[in-house]
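Notes to accompany the following structure.
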Amino acid sequence: MELKKNEMRKQKLIEAAKKLFSKKGFYSTYVDDIIKEAGVGKGTFYRNFKNKEDIFVALLFMFLNDWQSSVSIGVDKNTSLPYLDYIKKVALESFTFFKNNEELSNLYFRIAPGLSAIIEPYLKNFETQMLDYIINDLEKARGLGLLDETFNTRLAANIIAGSFFRVHYYYFILKNDEAALNNLETLVDEFFNMLFFGVLYKNIPAPRP
């Protein structure tokens, strides 16, 4: 029973930190602010986290784990969709996840870059793990014969991840196009086609006979 209470208090701290970091930023949020927002004692905080850097890192990895649980990444021999349709489905699920988790997205894309040297190694580790999910998925697809055996999975994963995160930052964090946010399927279709078939795929004239 006491263990369950401790977990509930820890979750309150995490939710409070997520809200405050997203709203006020990392440097303007203090441990006392998090404790007050969560409505728990100082001892509860320090039984679960060393400092505010520690709870920020916990939020980063919660973001990663929640993303992994929310998308259908994990191609295998039972994957029923054609491979490109499978990739598009993963992209749509990922954009939907980031849209529905605005506070966590804000932490990662807007607040985490440029933080203290204490956070930087964890941020790099976080990015490496997310990239590894994509690389491993591409390698599985190559092993199943869905991709050519000479396909460069590491280069492809970096291109996909870099493009995806930049598009997400522009539309979901900066909110530069509200219409696109209200029609995710169209946005994903355009993103997917440009990424896999070329930015000018609609505008390149057909070759002359």
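The values are calculated or read from the model by the stated rules, or taken from the named source; none is laboratory data. Just so we're clear, the structure is a prediction, and the values are computed from it rather than from any experiment. Don't worry about glycine lacking a Cβ; one is built from the backbone with ideal geometry, like all the others, and counts go over all protein chains shown. Ligands, DNA and RNA are stripped out before the accessible areas are found, and what is left, the full protein with its side chains, is counted by its heavy atoms. Shrake-Rupley method; radii C 1.70, N 1.55, O 1.52, S 1.80 Å.
Structure summary
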read-out: GNM result for the chain, Cα springs below 10 Å: residue of Gln129, Gln11, Gln68 fluctuating most strongly; value: Gln11
read-out: Computed E for Asp33/Asn182 - FRET, C-beta separation, R0 41 angstrom, nearest 0.05; value: 0.75
read-out: Candidates Ser105, Ser163, Ser22: whichever shows maximal mean-square fluctuation once the chain is modelled as a Gaussian network with Cα springs under 10 Å; value: Ser163
read-out: Rounded to whole Hz, the Karplus (6.51, -1.76, 1.60) HN-Hα couplings of the range 180-195, x for glycine and proline; value: 5, 5, 8, 9, 4, 5, 5, 4, 5, 4, 5, 4, 4, 5, 5, 5
read-out: Phi to ³J(HN,Hα) by Karplus 6.51 cos²θ - 1.76 cosθ + 1.60 over the range 89-99, Hz, x for Gly, Pro; value: 5, 4, 5, 5, 5, 5, 4, 5, 4, 5, 5
read-out: Lys/Arg +1, Asp/Glu -1 at C-beta; the chain dipole; positive extreme among Tyr30, Ser69, Asn182; value: Tyr30
read-out: Segment Asn51-Glu93, extension gain: residue separation times 0.36 nm, minus the distance between their alpha carbons; value: 11.8 nm
read-out: Solvent exposure of the range 1-100 as accessible area per residue, Å², 1.4 Å probe; value: 56
read-out: Net charge of Cβ neighbours under 12 Å - reference Lys175; Lys, Arg +1; Asp, Glu -1; value: -1
read-out: J(HN,Hα) series, the range 45-58, from Karplus relation 6.51 cos²θ - 1.76 cosθ + 1.60, nearest Hz, glycine and proline x; value: 4, 6, 6, 10, 9, 6, 6, 6, 4, 5, 6, 5, 4, 4
read-out: Environment charge at Lys19 (Cβ cut-off 14 Å; Lys +1, Arg +1, Asp -1, Glu -1); value: +1
read-out: Portion, in percent, of the accessible area of the chain that falls on carbon or sulfur, probe 1.4 Å; value: 52
read-out: Trypsin sites (Lys or Arg not before Pro) lying in DSSP loop within the range 4-35, provided at most 10 other Cβ fall within 10 Å; value: none
read-out: Label-point separation in nm, Asn136 to Ser163, each point 7 Å along Cα→Cβ; value: 2.4
read-out: Cross-link table Lys77/Lys124; Lys36/Lys175; Lys4/Lys52; Lys10/Lys89; Lys77/Lys99, entries beyond 28 Å C-alpha to C-alpha; value: Lys77/Lys124; Lys36/Lys175; Lys10/Lys89; Lys77/Lys99
read-out: Check: the range 80-198 dipole with +1 on Lys, Arg Cβ and -1 on Asp, Glu Cβ, in debye; value: 200
